[in-house]
1. How far is helix 15-26 tilted, in degrees, relative to the longest principal axis of the Cα atoms in the chain, given as a value from 0 to 90 rounded to the nearest 10?
2. How large are Rg and Dmax for segment 35-110 when calculated on the C-alpha trace, in angstrom?
3. How far is helix 200-209 tilted off the main Cα axis of the chain, in degrees rounded to 10, range 0 to 90?
4. Taking every DSSP beta bridge that has both residues in the chain, what percent is antiparallel when rounded to the nearest 5?
5. Going by how many other Cβ atoms sit within 10 Å of their own, how do 332, 245 line up, fewest first?
6. For the chain, what does the helix formula give at 222 nm: sum of -39500 (n - 2.57) over DSSP H segments with n ≥ 4, over the residue count, nearest 500 deg cm²/dmol?
7. Whole percent per 20 Å bin, from 0 to the bin with the longest distance: what is P(r) over all C-alpha pairs of the chain?
8. Tell me the angle of helix 181-196 to the major Cα principal axis of the chain, expressed in degrees between 0 and 90 and rounded to the nearest ten.
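Every read-out reported here was derived from the displayed coordinates using simple, explicitly stated rules and does not represent laboratory data. Worth saying up front: this structure is predicted, and the values here are computed from it rather than measured. So basically every Cβ, Gly included, is an ideal-geometry build from the backbone, and we count neighbours across all protein chains shown.
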């Protein structure tokens with residue numbers, strides 16, 4: 001890519017898309033094209049093609065997606081498969097139709113089988129059954145990988161796919177009903193800490209900034225401290241303990257989103273689909289038990305209560321450690337450790353609330 005190349009970042013307001021935009025600007029790319037989901041519904045083929053015909057981007061980062069944690073994936077099953085398949089199909093086909101030089105498709109490690117051998121190598125794709133709690137999302141992401149592969153084979157396009165591990169960082173989703181593990185745990189411990197401190201003013205500001213979910217936002221009376229306490233307790237947040245879904249025994253690998261953005265630009269600028277293959281994993285190469293991860297966040301936040309586990313709730317995939325040997329051969333590696341990343345993430349979260357005061 002040249003510094004003046006026209007670059008379209010689909011999903012530029014999301015956690016991944018915004019990180020890519022930050023990195024592009026940091027590296028001196030300034031001919032960037034964006035559309036919000038209200039301005040352009042990528043699920044609509046006609047609208048997507050009209051946008052590509054008008055703007056004619058040379059490079060595309062496909063980071064737009066409907067995402068969420070176990071609860072959201074299990075609840076909105078039709079939306080997760082339909083929305084993500086339509087977004088991928090429309091963007092990838094339009095990129096081919098209107099002459100995009102190169103496209104980078106963002107996937108997810110949930111594409112791998114539930115009981116996949118560890119660490120997960122790229123060749124393990126479709127070698128077993130998927131995790132039921134995120135199957136709709138996984139199928140959509142696998143479809144996007146295959147679309148890129150087959151467009152490359154039939155039409156000679158240069159579309160590459162990257163599969164990041166679990167992500168966290170600025171512009172993450174803090175809605176406790178739909179959030180992924182890092183954001184959900186961080187907010188739960190923060191609210192529990194505020195309850196213990198009886199800092200209801202800060203709790204109110206938090207709730208004004210971010211929805212709670214679970215149908216509680218309309219039920220909680222922010223002028224009534226008892227209402228706040230009682231409703232937070234319904235979702236396992238109290239001044240004495242935080243309740244976490246599952247046993248805590250599942251393993252997860254976590255990557256700070258700015259490291260992912262760095263990898264995406266690195267690959268987009270230097271490598272083509274012939275070099276990368278069908279897709280390439282991006283991770284940190286180490287995983288941690290959810291129990292250990294929760295203890296780390298609890299310590300960083302400064303909550304001194306208990307952690308309890310709701311074993312009636314699912315753990316999800318037992319382990320999802322990516323094999324990153326392929327990208328390491330390209331001399332790329334992450335820069336931000338897990339503990340450093342969580343500290344940065346907590347600073348971002350608190351500052352995001354303070355900015356609105």
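1. Rounded to the nearest ten degrees, it is 60.
2. 13.1, 39
3. 20
4. Working: 3 of 29 bridges.
Around 10 percent of the beta bridges assigned by DSSP in the chain are antiparallel ones.
5. Numbers: 332 18, 245 21.
Ordered by Cβ neighbours within 10 Å, fewest first: 332, 245.
6. Numbers: 13 runs with 159 residues, N = 357.
Value at 222 nm, helices only: -14000 deg cm²/dmol.
7. For the chain, the pair-distance distribution reads 30, 57, 13, 0.
8. It works out to around 20 degrees.
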